[in-house]
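Take a look at the structure below.
The values are calculated or read from the model by the stated rules, or taken from the named source; none is laboratory data. Here the structure is a predicted model, which is why all the values come from computation and not from measurement. Positions of Cβ are backbone-derived with ideal geometry, glycine not excepted, and every protein chain shown enters the neighbour counts.
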Amino acid sequence: MKICMAGACGRMGRRILELAVAEPDIEIGGAFDVPTLAGSELIVGTECNCPRHILVGANAAAEIAQSDVLIDFTVAQACMGNALLAAKAGKPCVIGTTGLSVEYKAELIAMAREVAIVYAPNMSVGVNLLFKIANEVALVLGLDYNVEITEIHHNLKKDSPSGTAVRLAEGIADVWGLDYRQDVAHGREGMVGERPVRQIGMHALRGGDVVGEHTVSFIGRGERVELTHKAHNRDNFARGALRAARFVIDAGPGLYDMQDVLGLK
Ligand SMILES: NC(=O)c1ccc[n+]([C@@H]2O[C@H](COP(=O)([O-])OP(=O)(O)OC[C@H]3O[C@@H](n4cnc5c(N)ncnc54)[C@H](O)[C@@H]3O)[C@@H](O)[C@H]2O)c1
């Protein structure tokens, strides 16, 4: 399987390339980033003692054409352009980029009529289990418990709240018949009044080099249940992305998520 890495020079891109080189069934078919980084050379594979020099390409379409699957960890707007290039070339795609608007997600659904796309704001196995468990806890506890979601990320993260926090809130909103746009309160300030029952609180903390932590608190009378996931480094996301790539090259057209990849549905 030849992968094409979009965002090759980024934190996730470099990590995915590093781990991909160690996998016997994976080759690097292409790599690209923003035009100003075209022509840069990345040295990956040092950890597995098989160093490889990867040239960051200048032409996204050409890099995609010489690969079997696109893996995109860039920024929302760029990711949509890259996914469209892959769809036009009939190549499946794994999207880890977060911060996609509702309109962008609708565009992905349209593209997925033609090609297979895995779109997952968090590719870790543990977090995907958390998605499932949080929904189950919400179902049992019900609206008697107030749910508040807190997430912590490094100070370089651009979007807020994290895609993982959004996904957690969307799942619980579905279970409780709430509307994400209307019923999610992003932080609180001033005389906001009593907390409505039909609300999901969302709080984003930013600082230092925290890779990613998410806690869902179900706060009731006299007790609270807290579900927490902490990522120690980016390898769990990178391994998940490679697992998703193996899944998507054999899948038919459609929009999939990590629950599909991991068989959690
Ligand atoms: N799904 C997951 O499991 C997961 C895990 C970690 C991060 N992320 C998300 O992945 C994205 C990237 O994260 P990061 O920490 O690697 O960020 P980063 O800023 O380190 O890297 C992003 C890279 O994308 C490049 N880029 C921007 N526009 C581009 C374009 N048009 N074409 C090609 N490359 C372009 C940037 O130059 C940069 O090198 C973010 O949206 C982040 O939230 C997802």
field: Filtered residues of segment 1-36 (kept if touching a helix residue (DSSP H, G or I) at 6+ places or on another chain (Cβ under 6 Å) and closer than 21 Å to residue 157 by Cβ)
entry: 5, 6, 7, 9, 15, 16
query: Does segment 133-144 contain at least one residue that is closer than 20 Å to residue 174 by Cα, free of Cβ contacts under 8 Å to residues at least 60 places away in the same chain and polar (S, T, N, Q)?
result: yes
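Looking only at segment 135-151, decide whether some residue is touching a Gly at 6+ places or on another chain (Cβ under 8 Å), at pLDDT 95 or above and within 16 Å of the ligand (Cβ to nearest atom).
First, the residues of segment 135-151 that are touching a Gly at 6+ places or on another chain (Cβ under 8 Å): 135, 138, 141, 144-149, 151.
Right, trim to at pLDDT 95 or above and you get 135, 138, 141, 144-149, 151.
Imposing the further condition that a residue be within 16 Å of the ligand (Cβ to nearest atom) reduces the set to 151.
The answer is yes; a qualifying residue exists.
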Condition check for residue 239: surrounded by fewer than 20 Cβ atoms within 10 Å (Cβ to Cβ) and within 13 Å of the ligand (Cβ to nearest atom): yes
message: For segment 37-52, which positions are away from the ligand (no atom under 16 Å from the Cβ) and in contact with a helix residue (DSSP H, G or I) (Cβ under 9 Å, 6 or more places away or on another chain)?
response: 45, 46, 47, 48, 50, 51, 52
- request: Working carefully through the options 207, 193, 201, 222, find the one that is under 18 Å from residue 166 (Cβ atoms) and modelled with pLDDT of 95 or more.
  value: 201
query: Is it fair to say residue 155 is farther than 27 Å from residue 7 by Cβ, in contact (Cβ under 8 Å) with a residue 12 or more places away in the chain and either touching a Cys at 6+ places or on another chain (Cβ under 8 Å) or surrounded by fewer than 20 Cβ atoms within 10 Å (Cβ to Cβ) (or both)?
result: no
message: Among the numbered criteria (1) in contact with a helix residue (DSSP H, G or I) (Cβ under 7 Å, 6 or more places away or on another chain); (2) farther than 21 Å from residue 20 by Cα, which one does residue 238 miss?
response: (2)
task: Working only within segment 204-236, note down all residues that are surrounded by 11 or more Cβ atoms within 10 Å (Cβ to Cβ) and under 15 Å from residue 155 (Cα atoms).
output: 204, 205, 206, 210, 211, 212, 213
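Which residues, counting only those in segment 53-66, are away from the ligand (no atom under 15 Å from the Cβ) and closer than 23 Å to residue 88 by Cβ? Spell out how you get there, then give the answer.
Going through segment 53-66, the residues away from the ligand (no atom under 15 Å from the Cβ) turn out to be 53, 65-66.
The answer is 65, 66.
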- prompt: Considering segment 159-188 alone, what residues qualify as being away from the ligand (no atom under 16 Å from the Cβ), within 21 Å of residue 228 (Cβ to Cβ) and not in a helix (DSSP H, G or I)?
  reply: 184, 185, 186, 187
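Looking at this structure, is residue 92 without any contact (Cβ under 8 Å) to a residue 12 or more places away in the chain and either touching a Leu at 6+ places or on another chain (Cβ under 9 Å) or more than 15 Å from the ligand (Cβ to nearest atom) (or both)?
On the way: without any contact (Cβ under 8 Å) to a residue 12 or more places away in the chain: no; either touching a Leu at 6+ places or on another chain (Cβ under 9 Å) or more than 15 Å from the ligand (Cβ to nearest atom) (or both): yes.
Taking the combined requirement at face value, the residue does not satisfy it.
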